[in-house]
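Worksheet: the structure to be examined is printed underneath.
The values are calculated or read from the model by the stated rules, or taken from the named source; none is laboratory data. Keep in mind that this is a model prediction, so the values were computed, not measured. Virtual Cβ from ideal backbone geometry, glycine too; neighbours counted across all protein chains shown. Side chains are part of the model used for accessible areas, which takes the heavy atoms of the whole protein and leaves out ligands, DNA and RNA. Shrake-Rupley method; radii C 1.70, N 1.55, O 1.52, S 1.80 Å.
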Amino acid sequence: MTLKELVSKFNFERVLDSNPQTKSLVLLGSIESQSAIISLEKTPFSVVLLGSIESQSAIISLEKTPFSVESQSSSETVSDLLKRIDEVKLNTINDIYHWGLSTLVQDLEKNASAKLNLIYPATAVHIKKYAQQQQFLINETPEMYVKYVEPYIQTMIGDRIKWVRNILFEGAEAEKTIYKDPIEDKEGFNLSPDMKWDGVNMDSLYLLAIVYREDVRSLRDLNISHQKWLREVNAKIRKIVADRYKGQIKPDQLRLFVHYQPSYYHFHIHVVNILHPGLGNGIAAGKAILLEDVIEQLSFLGEKGFKNRTISYVIGENHDLWKLGLKGEHEKSLSAY
Ligand code: M7G
């Protein structure tokens, strides 16, 4: 029997594993009453392309979508997925092991083949951010923050965060918004799908909570006066998401975290399914800090809060802050190793 024939006889029993990062799915079933395991894995590509559209820079990122079976109403059943296996080309058989390549029939609504992001017109900051580069772990002291980072933030809060104000005050992405406090609520926030989410696969659920207040640019601006507010925001986000996706995710299955340095200096919280192992460095130590840890630390940092401590994080050599002075400070401190 050919591999294709074997696959077509597969009687699905249950999903053994699914992983949104490796975009793989392992299925248990049987073929002619013998147990069989099919693993499907999207062939890799995850590319970020720089080009131009009508002579303005543009960045396109393409990423294969993970399998999305029965995790949400819009996703498909496993038997639908199995029917989509089209051509199958055998590579090798050894004993009970068979492997090869297949094509899947695609459908834009239920199982698009790739997630496509376009940034256009892309700024120099975007181009530098997305380019592969060397990374370094630095220790940013309170003095370094005042000398280099604070002035830098002032240059990064105009047009660069227009998309944030569009969401908060101009109704952008409104049809996708999950929750919105009244605009007059100074302690309120907006919760929307992050552009990193494909909007379908619950395992990779990725939302973004953006607060209304504009006096908190980053973690550095938080102090003890914000602790109660952050506790409430944390609890509220967990409840809203669990209510919205009832039966699919629980309040304690969400990872809430902030980035330091963030790319955008208007305080926001990443809200991600704990199953999601992250995209790039987004959830790695040296970039992401759990909201619970932030809240807890505020008890120990005095009135100045995070302005009072050294923060260690990973920075790329293309980052403007690196060139504006962090590199020099870092090199001075290297004698400590
Ligand atoms: P960050 O920690 O400032 O930077 O997070 P990062 O991009 O290095 O993670 C900003 C978050 O906002 C990221 O998770 C982005 O994917 C998300 N994001 C950025 N933009 C421009 C948009 C947008 O226009 N809409 C939505 N919904 N999310 C966005």
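Name the strands (runs of 3 or more DSSP E) wholly inside region 1-50 in which the number of residues that are over 20 Å from H98 (Cβ atoms) and out of contact with any Lys or Arg (no Cβ under 6 Å at 6 or more places or on another chain) is 3 or more.
Fully inside region 1-50 and qualifying: 11-19.
Could you grab me the full set of residues in region 195-226 that are assigned to a helix (DSSP H, G or I), of a type outside the set (D, E) and buried (at least 17 other Cβ atoms within 10 Å of the Cβ)?
Correct list: M202, S204, L219, R220, H226.
Can you name the residue in region 167-194 that is in a helix (DSSP H, G or I) and exposed (fewer than 13 other Cβ atoms within 10 Å of the Cβ) and, of all such residues, is farthest from the ligand (Cβ to nearest atom)?
F169
Working only within region 243-287, note down all residues that are at pLDDT below 95 and in a strand (DSSP E or B).
Scanning region 243-287 gives a single hit, N273.
From the residues in region 199-221 that are within 12 Å of the ligand (Cβ to nearest atom) and under 15 Å from V272 (Cα atoms), which one is modelled with the lowest pLDDT?
Looking at the filtered set, the residue picked out is G199.
Anything in region 222-257 that is under 24 Å from P182 (Cβ atoms) and within 14 Å of the ligand (Cβ to nearest atom)? List them, or say none.
Listed by number, the list holds a single entry, L256.
Tally the residues that are at negative phi and in a helix (DSSP H, G or I), restricting the search to region 288-337.
Matching residues across region 288-337 total 29.
Which one is farthest from D198 (Cα to Cα) among residues in region 104-123 that are open to solvent by 60 Å² or more (accessible area, probe 1.4 Å) and more than 16 Å from the ligand (Cβ to nearest atom)?
Taking the candidates together, the pick is V105.
Among the residues in region 151-163, are any open to solvent by less than 20 Å² (accessible area, probe 1.4 Å), more than 15 Å from the ligand (Cβ to nearest atom) and either farther than 13 Å from Q261 by Cα or not basic (K, R) (or both)?
The answer is no; no qualifying residue exists.
Quick one: would you say L191 is under 30 Å from N19 (Cα atoms) and modelled with pLDDT of 95 or more?
yes
Would you please name the residue that is modelled with the highest pLDDT, looking only at residues in region 80-103 that are outside any strand (DSSP E or B) and open to solvent by 60 Å² or more (accessible area, probe 1.4 Å)?
K83
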